[in-house]
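Trainee: Provided herewith is a single structure, encoded as C-alpha cells, for subsequent inquiry.
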C-alpha cells in the first residue's frame, strides 16, 4: 500500500513539473511570435513614413531638375526665392509626417525653408548628411541620426537627397525633417505593457528613436551576444529573433525580435523582459502545484482510509474493494499523466474529476464509518476540487480566447442578450429578475465571442443582484465620443471605484467568496475578447447602487 501511495505522489509531482515546463516553453514561444509580428507591423508603418518623406523630397528634386538648373549658382537663384518658399509651404501642408522642407546650397548654407520667409541664414556644412552626400555622389539619399534642429530646438531626423547637375556636380541638398517624437509616440501607442521596448536603428547601428527612452543609450545593446545578434540580423536585411540568457549577457534575460524596414537601411527592434512575459505563467504554475499538492493530500487520505476499512468488519468489505479499485484507477491515471500531450486542460481536469468523484463516493458510501473530522476534511477536499475545476475551466477559456479565429460579421447583439437572459431564467426559475433589452442593437464582430462577453457580464449582474429586491438588469447601446458602446446595467451590490483597477485582472475579486461565488476570471475573459475586437471595456459603480459595464466593438473600415 505504501509503495502505491509513493508512486502516485511521485507521478503527481512529475506531472506538475512537466506541465509547468511545457506551459513555460509555450508562453515564451507565443511571446516571441507576438514580438516578431509587432516588429513587422512597426517596420511597415516606418516604411510608409519614410516613403512619404522620400516621395516629398524626390518630387521636389524632379521639379528642380526640370527647371533647367545646371550649376550651383542656378540652384541658388532658383531655390532662394519667395516663389520657392510658397511651393515648399504648399507641399508640406499636404504632408502627414514631415514637419518642414529645407534647401541647402553647395556650401552648406540654408537658403530656403517651408517654415519662414526669408529664411534665417545658417551654416549647416558641419552636418554628417551634408558631408556624406557632398563627398559620395552615388549614395543618392541619406537618413540622419537624431539632431537638435537649429531652427526649432527639437530632436529631428532628416531625410536628405542630393541635387546633382551634369556630370554629377554637387548643387545642393533637399531635406525633409521628421520629429523624433513622432516615432516615439507611435511606439508608445502600441507598447503591450511593462518590460517591452521598441527601437528604430539605422543599419550601421545608430539609434534613431526608442520608447521607453533610455538615458545615454546609442548602441544596440552592451553584451557581445546582443551586439552579434544585431550585426547578423542587419547583415541579412530581413528579420531575426533572440532569447538571451543571464550567462550570456550578465543581465536579466530578454526576448528580442528585429525586422528590416522595406526599401530603407533601417531596422525595428522589439524586446521584452523574460520576467514580465513569465509573470502570468508563474501564477498558473503555482496553481498547478497547488492542485498537485491537493491531489497528494487526497491520495494519502484515501490510502489511510482504505487501510482502516480493510481492518474493519466483513460488512464493509465491499466498500474497501471500491476504494481499492479507486486506487488502481488513480495509479492508471498517474501512468497516463507521464505521456501527457500539449493539452494541459485534459491533464488537469482528469485528476480533479477523480478527486471530486471519489471523495463524493467515499462520503456517500462510508460516512457512517468516518469520524466527524475525517468527513469534514473530505467535504473540504471535495469543495476545493470543484472550485479548482471551475477555476481551471475559466483559465483554459481565457487562454483559448487568444487562439480562436475571428469571424466578424453584422449581427443583432440584442438577440444574443435575450438568449443569455432566457438561459439564466430557465436555470433559476425561483428568481424574479426584470430584464430590459434594447431592440435592434446591431453590432459588428464575432457573435460567438461576443456571446461569451454577454454571458459573463449578464451572469455577473444576475449573481450580484441575488440579494436585491426588485432586481433589474438592462442591456442597451449608446452613441458617444468613442462611437457605439454597449452596456449591461444592474441594481445589485455594486463596488468601490477605488478598486476598479483590479476588475479585469485574473484572480482579482472585489467581494469575498462567502458573499458571492466566482473565480475572478470572467472579467479577464471579457477584457481579452473586447481587446481582440479593437475595443475597450470599463465600469462605473457605487456600493449598494447601480453598476454599469460598458464595452465597444470597433468595426472594420
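Bear in mind that the values in this text are calculations on the coordinates, not laboratory data. The structure presented is a predicted model; accordingly, all values stated were derived computationally and were not measured. Cβ: placed from backbone, ideal geometry, glycine included. Neighbour counts: every protein chain shown.
Trainee: Would you work out if the stretch 409-552 is rounded, prolate or oblate? Take a ≥ b ≥ c from the square roots of the eigenvalues of the alpha-carbon gyration tensor; rounded if a/c is under 1.5, else prolate when a/b is larger than b/c, oblate otherwise.
Mentor: Working: a/c = 1.56, a/b = 1.18, b/c = 1.32.
Cα axes put the stretch 409-552 in the oblate bin.
Trainee: In terms of the Cα gyration tensor, with a ≥ b ≥ c the square roots of its eigenvalues, is the stretch 67-177 rounded because a/c is under 1.5, prolate because a/b exceeds b/c, or oblate? Numbers along the way, then the final one.
Mentor: Details: a/c = 1.57, a/b = 1.13, b/c = 1.39.
Oblate is the answer for the stretch 67-177, as a/c is 1.5 or above yet b/c matches or exceeds a/b.
Trainee: Then there's this: If you count, for each residue, the other Cβ atoms within 10 Å and average over each peptide, how do 422-429, 268-275 line up from highest to lowest?
Mentor: On the way: 422-429: 11.6, 268-275: 21.9.
Listed from highest to lowest mean packing, they are 268-275, 422-429.
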